[in-house]
1. What ³J(HN,Hα) values, in whole Hz, does the Karplus curve 6.51 cos²θ - 1.76 cosθ + 1.60 give for the range 25-39 when θ = phi - 60°, with x put for Gly and Pro?
2. Which chymotrypsin sites (Phe, Trp or Tyr not before Pro) does the range 6-48 hold that lie in a coil by DSSP with at most 10 other beta carbons within 10 Å?
3. State in Å² the accessible area per residue of the chain; use a 1.4 Å probe, count heavy atoms of protein chains only, and round to the nearest integer.
4. About its Cα centre, how strong a charge dipole does the range 85-135 have in debye, to the nearest 20, once Lys and Arg get +1 and Asp and Glu get -1 at the Cβ?
5. Going from most exposed to least, what order do Lys132, Lys94 have by accessible area with a 1.4 Å probe?
6. Counting only pairs 8 or more places apart or on different chains, how many lysine pairs in the range 1-132 have C-alpha atoms closer than 22 Å?
7. Could you give the radius of gyration (one decimal) and Dmax (whole number) of the Cα atoms in the chain, in Å?
8. Taking 30 Å as R0, compute the FRET efficiency from the Cβ-Cβ separation of Glu26 and Glu47 and round it to 0.05.
Amino acid sequence: IEQTFSIVKPDAVGKNVIGEIYSRFEKAGLKIVGAKMIHMSEALAGEFYAEHKERPFYGELVGFMTSGPVMVQVLEGENAVALNREIMGATNPKEAAPGTIRADFATEVSANAVHGSDAPASAAREIAIFFKPEEIF
Ligand code: ATP
Ligand code: MG
């Protein structure tokens, strides 16, 4: 059984759709085994998005992710990483398939409702940044 790391980003928290997004995870067969609301510091967002430091949108990305509270969660299930990416939809909501989380809850690539780990190794790194082992059930 696999785990992945997920964030409900500040835009979706602001739109009051945390529950609707959690419902998408559960309906897809992903179990929420750890969850909390946090407001990321710039240092934490920088550690999390270290791979994007040289990208032109890095400043915008960190500014957005620190702009308000987020929900961080660990999702568990068969092929959790790929399954979560599938139900999230494409990075750019304008290109996301109908019925995906990003298509239904976002319109801009810079504020695209959710994050999901892109590989099992990324999931392990990301989970360790935000959760202590005893916070995952
Ligand atoms: P995430 O890592 O958030 O799950 P992703 O893996 O689909 O998304 P990445 O390429 O890892 O996409 O980009 C990380 C995040 O950076 C995206 O979710 C998006 O919010 C933001 N981003 C990506 N491209 C752009 C862009 N051209 N302009 C603004 N923000 C962008
Ligand atoms: Mg990514």
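The values are calculated or read from the model by the stated rules, or taken from the named source; none is laboratory data. Because the structure is predicted, anything quoted here is derived from the model rather than measured. No Cβ is skipped: glycine too gets one built from the backbone with ideal geometry, and neighbour counts run over all protein chains shown. What goes into the accessible areas is simple: the full protein's heavy atoms, side chains included, and nothing from ligands, DNA or RNA. Shrake-Rupley method; radii C 1.70, N 1.55, O 1.52, S 1.80 Å.
1. With coefficients 6.51, -1.76 and 1.60, one gets 4, 5, 5, 7, x, 8, 9, 7, 10, x, 6, 6, 9, 9, 10 Hz.
2. Working: sites: Tyr22, Phe25, Phe48; in loops: none.
Filter output for the range 6-48: empty list.
3. Numbers: 6850 Å² over 137 residues.
So the chain comes to 50 Å² accessible per residue, rounded to a whole number.
4. Details: 5 positive and 8 negative charges, 16 e Å.
In debye, rounded to 20, the range 85-135 gives about 80.
5. On the way: Lys132 115, Lys94 145 Å².
Ranked from most to least accessible, the order is Lys94, Lys132.
6. Step by step, the pairs that qualify in the range 1-132 add up to 12.
7. In Å, with Rg to one decimal and Dmax whole: 13.7, 38.
8. On the way: r = 29 Å, r/R0 = 0.97.
Once the sixth-power term is evaluated, E becomes 0.55.
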